[in-house]
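S.K.: To start, I am sharing the structure in question, which I have written as structure tokens.
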Amino acid sequence: MKSQIDPFSLRPQNTEFWRDTFDDEGIAALYFVIDQELPLLLYVGETCKSNQRWKGVHDCKDYLHNYVAAHRIHTLPVQVNISFWREAPAEYHPRQKLEQALIQKWKAPFNRESWKYWGAPFRSRKKE
């Protein structure tokens, strides 16, 4: 089964990859945000445009910023990267189903579905 994907065996790249210039929008993929220092899988996501997914607003970028800032304040080691699994189904629903299976398996703390286990300590607080 494809939920046997090992996010820790994929090639890590900088989480600022989206700032690069690409010749295309990318392909359908699952992606994983990992703190390589621990190692800890922080987020599981899916996209149909791997080179474009993080260019706009993405809540995970805010969680990641807060996570790294907390580590820096407390002088804790942190090494956050993103990895892509490029064999994901091109069709949305099968890709989303696989994403959900991996979120349930790994209980990644930045995914909303996992907040019932971990809370959401790195979520930005909205000013009211």
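S.K.: Regarding Phe110, is this residue under 17 Å from Val33 (Cβ atoms), crowded, with 19+ Cβ neighbours inside 10 Å and in contact with an Asp or Glu (Cβ under 9 Å, 6 or more places away or on another chain)?
M.R.: yes
S.K.: Here is a list of conditions, (1) touching a residue at least 60 places away in the same chain (Cβ under 8 Å); (2) aliphatic (A, V, I, L, M); (3) in a helix (DSSP H, G or I), and Val68 meets all of them except one; can you say which number that is?
M.R.: The single condition Val68 does not satisfy is (1).
S.K.: Does at least one position in region 4-25 carry a residue that is assigned to a helix (DSSP H, G or I), modelled with pLDDT of 90 or more and crowded, with 17+ Cβ neighbours inside 10 Å?
M.R.: yes
S.K.: Could you tell me whether any residue of region 113-124 is charged (D, E, K, R), at pLDDT 90 or above and touching a helix residue (DSSP H, G or I) at 6+ places or on another chain (Cβ under 9 Å)?
M.R.: Scanning region 113-124 turns up at least one residue that is charged (D, E, K, R), at pLDDT 90 or above and touching a helix residue (DSSP H, G or I) at 6+ places or on another chain (Cβ under 9 Å).
S.K.: Name the residues in region 62-106 that are of a type in the set (D, E, K, R) and surrounded by fewer than 16 Cβ atoms within 10 Å (Cβ to Cβ), would you?
M.R.: Scanning region 62-106 gives Asp62, Arg72, Arg86, Glu87, Glu91, Lys97, Lys105.
The values are calculated or read from the model by the stated rules, or taken from the named source; none is laboratory data. Owing to the predicted nature of the structure, the values given are computational and were not obtained by experimental measurement. Every residue, glycine among them, receives a Cβ derived from its backbone with ideal geometry; neighbour counts consider all protein chains shown.
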